[in-house]
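Participant: What follows is a structure written as structure tokens; I'll ask about it next.
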Amino acid sequence: MKAAKGEEYLQMYPEGTGRWMNQCVACQRKGYKPDMPDVIYPGYLARNLRKYFTPLDVDESGRCDQCRDASLKTV
């Protein structure tokens, strides 16, 4: 349910949210950038992204920590 509301929020405000979101290229999980500021003008963007998503750090290849670790184990 939370993920569906998060996707809905991203669709409602596509021009402002993309800059602050990460998506893993392997598993397609979405999350906000860990270095996102506490307040983003105008209003409640940062608060709402934190409400619907968790922080997601991706490496230079675009993979989240879980996918990167999984790929290292298979090598």
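The numbers here are math on the coordinates, done by the rules we state, and not lab data. Given the structure is predicted, the values throughout are model-derived calculations rather than measurements.
Participant: Where does the chain land at 222 nm, in deg cm²/dmol rounded to the nearest 500, when only DSSP H runs of n ≥ 4 count, each adding -39500 (n - 2.57), divided by all residues? Before the final figure, lay out each step's value.
Facilitator: Details: 4 runs with 32 residues, N = 75.
Mean residue ellipticity, 222 nm, calculated: -11500 deg cm²/dmol.
Participant: Assuming 0.36 nm per residue, please report the length gained on full extension of the stretch A70 to K2 beyond their Cα-Cα distance.
Facilitator: So the extension gain works out to 21.9 nm.
Participant: Can you tell me which of G62, G31, G43 moves the most in a GNM of the chain? Springs connect C-alpha atoms under 10 Å apart.
Facilitator: G43
Participant: List the aspartates and glutamates whose Cα lies under 20 Å from the Cα of K51, skipping any in the same chain that are fewer than 8 positions away.
Facilitator: E7, E8, E15, D35, D38
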